[in-house]
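Values in this text are rule-based calculations from the coordinates and carry no lab data. Predicted model only: the values in this text are computed from it and were never measured. So basically every Cβ, Gly included, is an ideal-geometry build from the backbone, and we count neighbours across all protein chains shown.
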C-alpha cells in the first residue's frame, strides 16, 4: 500500500514477459544490422583456364622466386607438370588496368593424388584420413600492390577450402618468408623441425598447418586485420568458378575429368 492509501500495481508474471518481449522487439527494430563491407580491388582473381594465362603465371612465379634468391628458381622457368594436372587449381590475380598477371598460387588437394608434402613425410592420424590441401608456388609481381595481391590470393584460396569442405591447409616455407604466414595463425606442424624438400631444394622448410574450421575464430581473436579482410569484407573481384573447382576436386569415379587448358582465340 502506498502512503496515499492506494495499492501499488504489481504486474503478473505474464505481464512481465510481455513487457520483456516488447522491449526486446523494440531494441531489435532500433538496431542497425552490421553488413559486410564491400571493397573493390584493382585486380580480379580467377582460375587459370588457358595456356596463355598459364605461361604468364609461370613467368611471374619464376620472377618472384628469383627475386627472393630461392634455390628452386631455375627449375621454375619452364613450369611444372603439376600445373596442368586435372586435380589441381591455379589462381591468378589479373590487373584491371592492362590485364597483366600480378600473382599466382597453386592449390593441390589430396583427394585424388597425395600432396607433395606426403612424398617427404607420412601424415599421422587424423591428417592421414582428412581432406587436406597444400598451398604451393605463391609468386607475386614486385611492386607496391604485392602485399594486397598476396592477401587476395590467400583469401580466394581459403574460400575454396571452405566451399570444398577441406579440413586442413598445409604449406611449406623457408625463412624468412615463413614469418609472413604467422599472421594467418598457422601451426608449426613439426614443432620447430625443418624439412629438406626435393621439390624446393636448397633451404630447409618449415611445415605449417591451419585447420580450416578454426581459421576464422583464430583470426577474430588474434589477427584483426586478417579477420577484417577475409571475413568482414566482401570482395566481388574474387571471381572464382566454384563449379570448375568442384569438378577438379571430386573423385574421378563421380565426375568426368575437367576441361583441359585451352588456347585463347
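Taking 10 °C and 1.306 mPa s as conditions, the range 37-249 diffuses translationally at an estimated 91 µm²/s according to Stokes-Einstein applied to its Kirkwood radius (Cα pairs).
Remark: 127, 186 ranked as 127, 186, counting other beta-carbon atoms within 10 Å and listing the fewest first.
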